[in-house]
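J.: Quick one: the structure is below, and I'll ask about it shortly.
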Amino acid sequence: MPTLNITNPTFQEHVFVFRAPEQRHNQRHDIPSGATVPVFYGSVDECLAIIRQHEAYGIRKFKEALSKRSENAVGLLYAIESAEGTVDVDDMAVIRKTNAELLDDLAAKEREHQAVGAASANVKEHRSETSLELSVTREADANNREAEMIQTVQVSRKAGRPPKA
């Protein structure tokens, strides 16, 4: 009998809730960070019906997540065991690393936008030349992970010109 496995490649726990076909009540499964949990045993069609409930939220097939890098961070992944085999731990590590890199890139871009906005607000208030330097660093956390992010954003504006990053 096919098994629907849900994988959580994020760094936070996820609560997976669904209603199986022809059942009255929702089912709930807590999926820890980095874990794969079998959530349903049934036919392939029933498993796909559950997946369709979560497509709007970005659930993806495990093998597809490995084949190409997404523009967005990868949330939950699924595999129907009888059809696709089991989830490999090394593959999970690759997806988690890709997610972390993508989120760091998005955060850096957002910090740049925030610096431009702060400089623009300062210009409107003072109506003169403005220079703003934003420096962001991340220290190693309690788990002794290496601090990788050091970013400096400089925004300058001369009178009569819009701020530039």
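No lab work stands behind these numbers, since they all come straight from the coordinates. From a predicted model like this one, the values you see are computed outputs, not experimental measurements. As a convention, Cβ positions derive from the backbone with ideal geometry for all residues, glycine included, and neighbour counts pool all protein chains shown.
J.: Multiplying the sequence separation of Q12 and V37 by 0.36 nm and subtracting their Cα-Cα distance, what value in nm do you get? Don't skip to the answer; put the middle values down first.
T.: Working: separation 25, 0.36 × 25 = 9.00 nm, distance 1.46 nm.
Residue separation times 0.36 nm, minus the Cα-Cα distance, leaves 7.5 nm.
J.: Near V15, within a Cβ-to-Cβ distance under 11 Å, what is the net charge of the other residues, with Lys and Arg +1 and Asp and Glu -1?
T.: Numbers: positive: R28; negative: E13, D30.
Result for the local shell: -1.
J.: Further, regarding this structure: Sort the following peptides by mean Cβ neighbour count (other Cβ atoms within 10 Å, averaged over residues), highest first: 30-43, 4-17, 104-117.
T.: Top to bottom by mean Cβ count within 10 Å: 4-17, 30-43, 104-117.
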